[in-house]
Each structure stands twice: as structure tokens, then as C-alpha cells.
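The values are calculated or read from the model by the stated rules, or taken from the named source; none is laboratory data. A quick note: this is a predicted structure, and the numbers were derived from the prediction, not measured. Cβ placement follows ideal geometry from the backbone for every residue including glycine, while neighbour counts extend to all protein chains displayed.
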């Protein structure tokens with residue numbers, strides 16, 4: 001609570017210094033809610049998953065009914081297109097009346113927007129009323145996004161951890177690999193039964209970062225920006241690994257699934273035996289939605305897999321800053337977070353601390369059936385920190401250089 005008051009005081013000072021910009025002050029929440037009523041919020045977010053799209057339709061209905069806000073989901077294939085739009089608007093001098101009000105974001109896209117001063121004022125996220133429930137004390141990735149300090153420039157929305165899954169009716173659990181090296185060995189024995197989405201798809205790029213994190217001699221170098229002088233040596237084991245893996249993959253690595261949903265369909269169609277996602281409840285959610293058989297189960301690597309937080313953020317020139325603030329706060333509410341964590345709805349893990357909730361709100365989470373394929377927290381294994389965003393950019397560029405566009 002003290003941290004929240006300090007954040008609000010800091011934010012108030014920022015707004016005082018920039019009063020001419022007439023930015024809303026989250027510390028005066030009643031005024032924010034009043035101004036938000038009647039606004040339309042254009043939320044740029046990935047649109048490649050029907051269950052996520054349905055969740056946002058529900059959120060739009062709640063915001064309309066209780067806050068008078070019209071939430072429009074602008075469905076993206078890639079968040080970089082939204083970032084590029086804000087960059088173009090700034091270059092054109094469009095400091096007000098921007099076309100994007102809220103962005104689903106993290107990683108290199110957040111780092112890019114922060115570096116170019118494309119985001120709404122620092123501190124706003126920690127001044128939201130529902131911030132008091134956020135588990136920032138125990139989740140380091142809530143205040144650090146891929147090693148970049150968040151500084152209240154984005155509001156946490158959900159937690160993520162890389163988890164693999166398989167159909168135990170086809171492949172027994174005791175045959176599943178326990179590391180990247182074991183996965184390569186498994187692919188030698190089971191050619192054609194594994195694949196990953198082609199970068200720059202986020203899930204595909206994350207798989208490459210997982211390999212990097214396991215193969216690098218000193219993982220601490222990944223927490224710093226890429227050094228051109230050492231990149232080739234550090235990344236060499238990754239591409240040696242991929243050189244061997246690709247001929248062993250589905251279609252001999254000459255084609256790749258476009259994205260995670262396409263890869264998931266390959267498992268459903270029994271074309272591959274192992275897939276993966278950045279959501280511990282993904283397999284249970286897919287079972288609940290009838291996308292995968294109920295014999296699918298999750299597993300992870302005992303040495304750890306990548307973990308991060310995903311966020312929502314507000315561009316500096318948003319046309320509906322008040323509406324965006326109220327939307328971000330609603331997405332943090334126990335009601336919205338519990339619904340999001342339900343595998344029958346989405347299955348995305350909460351950013352809230354259940355210990356901070358009252359009995360009724362805690363009961364929302366305790367009543368959830370997380371599903372037969374969801375690993376318990378003590379089964380997920382250690383969390384590996386995401387590398388600095390510059391590593392993803394360089395790895396993707398080198399991937400394209402070496403392997404080209406396969407599809």
C-alpha cells in the first residue's frame with residue numbers, strides 16, 4: 001500500500017510538470033472514470049486464438065455495461081505492426097488523437113516503445129486501484145520485462161511459462177525429453193514428430209531462446225544487450241543444434257506451422273507428438289474446448305524453462321487515455337483475472353496474489369478446475385529469465401539468414 005501511495009505521488013509530480021498536456025491522473029480515479037464514460041478504446045491485441053477473442057468480447061460487454069466504454073478488439077497477427085503505427089504517427093507529428101489506445105505487449109516491443117518515448121507517463125500502472133492485488137513481491141517479471149525495468153509504463157495482465165505437452169495415449173510420459181539436448185536425442189529416434197513455428201512467430205522464437213538459454217556457457221550474458229563482437233560465438237551452439245534438428249522435424253524442416261494454433265492442430269491430427277506453449281494451462285484449455293483429446297498431458301524440463309509476464313500498455317498519443325486506464329484496471333480485477341484463468345475460458349495464469357484477496361474473490365480462484373493437464377506449481381520446474389530483447393532480434397535475423405522463409 002505504501003508503494004502505491006509513493007507511485008501515485010510520483011505520478012502526480014509528473015503530471016504537474018506536464019499539465020499543458022492535460023493527461024489524466026490515475027490518482028484522481030473518480031475523474032478518470034467519469035471522463036472514460038462514452039469513450040471508445042481501440043485495443044490492439046493478437047487475434048489468433050478464438051478463446052482469447054471470446055474472452056475479450058466478454059470484457060467488452062462488461063466495460064460497456066458497467067463503465068460506458070466501447071472496447072474494440074483490433075486483431076493483430078504481430079504486435080510489431082501496432083508499434084510501427086505509433087512510430088509513424090509520432091514521425092508525422094500526431095501527438096494527440098492516435099489510432100491505438102491500448103496494446104497487448106511485452107518483450108522487445110515494450111523495449112522499443114519505451115526507448116522511443118512512445119508510451120503514456122511512467123507510474124500509471126501502479127496507481128490503478130486493482131494494483132493493490134498484484135503479486136509483484138513474488139513475481140520478479142512483473143516489474144522487469146525481459147530485463148527492462150517496467151517503471152509503471154505497462155500493467156501486468158497474465159503470467160507465462162514455457163510448457164510442453166503430448167498425448168499419453170500415443171507417447172508414454174516416461175519417454176518424454178527432460179532438456180533441449182534430450183529433445184534432440186528424442187527427435188533422432190522419432191524423426192518427423194516434432195516441429196516449431198517459424199520465427200518471428202513469438203512461440204517459435206521462444207523455442208530458440210530456450211535452446212540458447214540451455215546451451216550458453218554463462219547465462220548471465222543474456223541479461224545484457226547483444227554484443228556484436230561476441231554474438232557469433234555465443235549463438236554458435238544454437239545454430240549447430242538447429243542444423244541437426246531441422247532434418248529430423250516434421251516435413252524435414254522444409255516447412256513450419258505458421259503459429260501456435262497451427263502447431264496445436266498438428267498434435268490433434270497426430271502429425272507430431274510434442275508441442276509447446278507459453279501457458280501452463282494451455283493443454284487443459286485445449287481439452288476443455290474440444291481442440292485436443294483428454295489424454296493430452298503437460299511436462300516441462302527439470303532444469304527450467306523460460307518465464308515472463310505479458311502486459312497492456314497505453315501509447316503516448318492515445319485518443320482515449322481515460323478509457324484505456326479503466327480497461328487496464330478492469331483486466332486486473334479479481335473477476336476478470338479469475339475468468340481468464342479458467343481453462344474453459346482461456347487458462348491464462350493470474351498476476352494477482354490470492355493472499356491479498358478477500359474471501360469472496362479468493363473463492364473465485366479456488367473454485368476453478370484447472371484441468372487434468374495443468375501442472376501444479378511445484379511441478380513446473382525453475383523459471384529461466386528471458387534474455388534481453390536484443391537477443392530475440394538478433395536470433396530472428398540470423399535464423400532468416402541461415403534458413404530463409406520455408407513456407
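If you go through the stretch 24-42 and pick out every residue that is out of contact with any helix residue (DSSP H, G or I) (no Cβ under 8 Å at 6 or more places or on another chain) and either closer than 19 Å to residue 317 by Cα or not assigned by TED's automatic domain parsing to the domain that holds residue 101 (or both), you end up with 2. Total residues in the stretch 363-407 satisfying the condition of being without any contact (Cβ under 8 Å) to a residue 12 or more places away in the chain and crowded, with 19+ Cβ neighbours inside 10 Å: the figure is 0. Within the stretch 318-335, being surrounded by fewer than 21 Cβ atoms within 10 Å (Cβ to Cβ) and under 17 Å from the mean Cα position of the chain (by Cα) holds for no residue. Quick check: is even one residue across the stretch 226-238 surrounded by fewer than 15 Cβ atoms within 10 Å (Cβ to Cβ), in contact with a strand residue (DSSP E or B) (Cβ under 9 Å, 6 or more places away or on another chain) and either in contact (Cβ under 8 Å) with a residue 40 or more places away in the chain or in the same structural domain as residue 391 (by TED's automatic domain parsing) (or both)? Scanning the stretch 226-238 turns up no residue that is surrounded by fewer than 15 Cβ atoms within 10 Å (Cβ to Cβ), in contact with a strand residue (DSSP E or B) (Cβ under 9 Å, 6 or more places away or on another chain) and either in contact (Cβ under 8 Å) with a residue 40 or more places away in the chain or in the same structural domain as residue 391 (by TED's automatic domain parsing) (or both). Among the residues in the stretch 199-214, are any touching a helix residue (DSSP H, G or I) at 6+ places or on another chain (Cβ under 9 Å), assigned to a loop (DSSP other than H, G, I, E, B) and over 30 Å from residue 285 (Cβ atoms)? No, the conditions are met nowhere in the stretch 199-214. Taking each residue of the stretch 26-41 that is in a loop (DSSP other than H, G, I, E, B) and looking for partners that are surrounded by fewer than 17 Cβ atoms within 10 Å (Cβ to Cβ) and modelled with pLDDT under 95 with beta-carbon atoms closer than 6 Å, six or more apart or interchain, yields 27/12. On the given criteria, is residue 314 at pLDDT below 95 and either buried (at least 21 other Cβ atoms within 10 Å of the Cβ) or not assigned by TED's automatic domain parsing to the domain that holds residue 205 (or both)? Spelling it out, it is not the case that residue 314 is at pLDDT below 95 and either buried (at least 21 other Cβ atoms within 10 Å of the Cβ) or not assigned by TED's automatic domain parsing to the domain that holds residue 205 (or both).
Of 395, 352, 357, 375, all but one fail to be touching a strand residue (DSSP E or B) at 6+ places or on another chain (Cβ under 8 Å) and at pLDDT 95 or above; the exception is 352.
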